[in-house]
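Here is the structure we will look at, set down as structure tokens.
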Amino acid sequence: MHYSFSLTLPLLLLCFPFLSISSTNQQHAKKNLQPNSMEPSELEILFKIMDSMSSDQTWRISYPNPCKPGSSWMGIECKAGNDSHLHVTRLDFGSPPNPSCKIKSIFPSQIFDLPYLQSAIFSQCFTHTKTTLTISQNSYFNSKLQQLSLRSNPALIGSIPPQIFTLKSLQTLTLSQNRLTGPIPKEICSLTSLEHLDLSYNFLSGILPKQLGNLKNLVVLDLSYNSLTKLIPDTIGQMGMLQKLDLSSNLLTGSLPNSIEKLNSLVFMALSNNRLKGNFPKGLTKLQSLQYFIMDDNPMFIPLPAEFGQLRKLQELRLANSGYSGTIPPIFSQLQNLSTLSLQNNRLIGVIPAGFGNLSHIYHLNLSRNLLGGEVPFTSTFFQRLGKNLDLSGNPGLCLSPAEAYGVKKIGVNICGINKTTSLIKPLKHSEASSLGFTKLFFLVNFFLLLYLHQILF
């Protein structure tokens, strides 16, 4: 006997309608199931953190379900997990409109007990009670933290704990403007997912770890305003993704490593206020992405390198107070993107390159306190455009063309052909000078004659 399958399926559905209804209900139930609660243990950890950090609210009463949509507060973000629960993924304290911090708050190491936390930010939180950065053992177990930022906390002291290496997912580590001391732990260099490392404005000491070269995904490295010593490690050239390098205001010595030339993506480099000296790497011209080079206040004492003139994307070049000698290379006139050039307080001689007047983007030019000479090659339009942002003072040999001097505000330069000590006084003619001398002599004779008569008579 032959039965058609097309007739069998409808008959089955008629006989067993609950099969279809049950299946449909299960699908609807899955679609309508939305996580709306937190795990009790995670919720309790969150409340402990909030109670210790901020007194803005009575958190347990005001926000009993802090992750529930419509009942959360600023500074907290939650996401649904695969376990049908909501989980805290972001905590932000200190900066309005986020929760403010108690005066006596200390760093809450419980944040590392929140298993789904991806971002933790504390700005101007630890200001009175001394506290340290402590990493709990729970972070050893697959921490998901991608951003840890503690900025402007004057009561945050102590060293950076070696246990930092357990935060394997970190992409951003900002510990700026605190009072951290001690060396940079080499364990930081095992965080190979790091893209942003900022330890600036602390009291860190010791050397730069050679293991820094392991951070091959790093885009920003800021270690400025510390007390780091000795050489810049050659391994720094291994950080091929680096775009910003700031090592200014430390105690670094030696010269720049040759491996610097490998940082092809570098846009910003600041090395001011160190003890660096010696020649620049021969491959300096390979840094064709460089836009900002800031290296004031180093005892360089070498001729001003012409190679900077080949870095055509440069917008700021600051080399003040570093003992540079020789002339200003004319090739600097080809830096058409240049907006700031600071060469003050060096030992530069010769003339100002004529092409400087054609730098259409320049708005800050300081060549003061050098040994430059000759006529300033700028037009009145150039003077007017820069105004007070032009400083040529302290160069006794420089002078202004009389044709361009009219209307120029004080820039510390005399007018060509006029003695600098009498530039505002018209010189006397010979006959006027003789007459003036005779008048002085006449008054002197009369003075002594009167004095003599006074002694005789009285």
Average accessible surface area per residue within region 265-321, 1.4 Å rolling probe, Å²: 41
Accessible surface, per residue, of region 112-183 when the full set of protein chains is kept, probe 1.4 Å, Å²: 43
Heavy-atom accessible area per residue - region 322-402, 1.4 Å, Å²: 41
Loop sites in region 373-423: trypsin sites (Lys or Arg not before Pro), DSSP, at most 14 other Cβ within 10 Å: Lys409, Lys410, Lys420
Within the accessible area of region 199-252, what % is carbon and sulfur when the probe is 1.4 Å and the other protein chains stay in place? 58
Given backbone amide H placed at 1.01 Å from N, residues whose amide H is under 5 Å from that of Ile207, ignoring those fewer than 5 places away on the same chain, are Thr229
Please go through region 119-219 and write out the trypsin sites (Lys or Arg not before Pro) that DSSP classes as loop and that have at most 13 other C-beta atoms within 10 Å. Lys130, Lys216
Ser143's amide H: which non-local residues (gap 5+, or another chain) put their own amide H closer than 5 Å, with H modeled 1.01 Å from N in plane and none for Pro or chain starts? Lys168
³J(HN,Hα), Karplus 6.51/-1.76/1.60, whole Hz, each residue of region 289-302, x for Gly, Pro: 8, 5, 10, 9, 10, 10, 9, 5, 6, 9, x, 6, 6, 9
Out of the total accessible area of region 254-359 (probe 1.4 Å, heavy atoms of protein only), what percent is carbon and sulfur? 47
Part-to-part distance (alpha-carbon centres) for region 103-137 and region 290-368, which is given in Å: 45
Of Lys144/Lys262; Lys144/Lys313; Lys286/Lys388; Lys313/Lys410; Lys313/Lys388; Lys130/Lys168, pairs whose Cα-Cα distance is over 29 Å: Lys144/Lys262; Lys144/Lys313; Lys286/Lys388; Lys313/Lys410
Student exercise, region 280-369 dipole from Lys, Arg, Asp, Glu Cβ charges, in Debye to nearest 20: 160
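The values are calculated or read from the model by the stated rules, or taken from the named source; none is laboratory data. Please read these numbers as outputs of a predicted model, since none were measured by experiment. For neighbour counting, all protein chains shown are included, and Cβ atoms are generated from backbone atoms with ideal geometry for every residue, glycine included. With ligands, DNA and RNA removed, areas are computed over all heavy atoms of the protein, side chains included. Shrake-Rupley method; radii C 1.70, N 1.55, O 1.52, S 1.80 Å.
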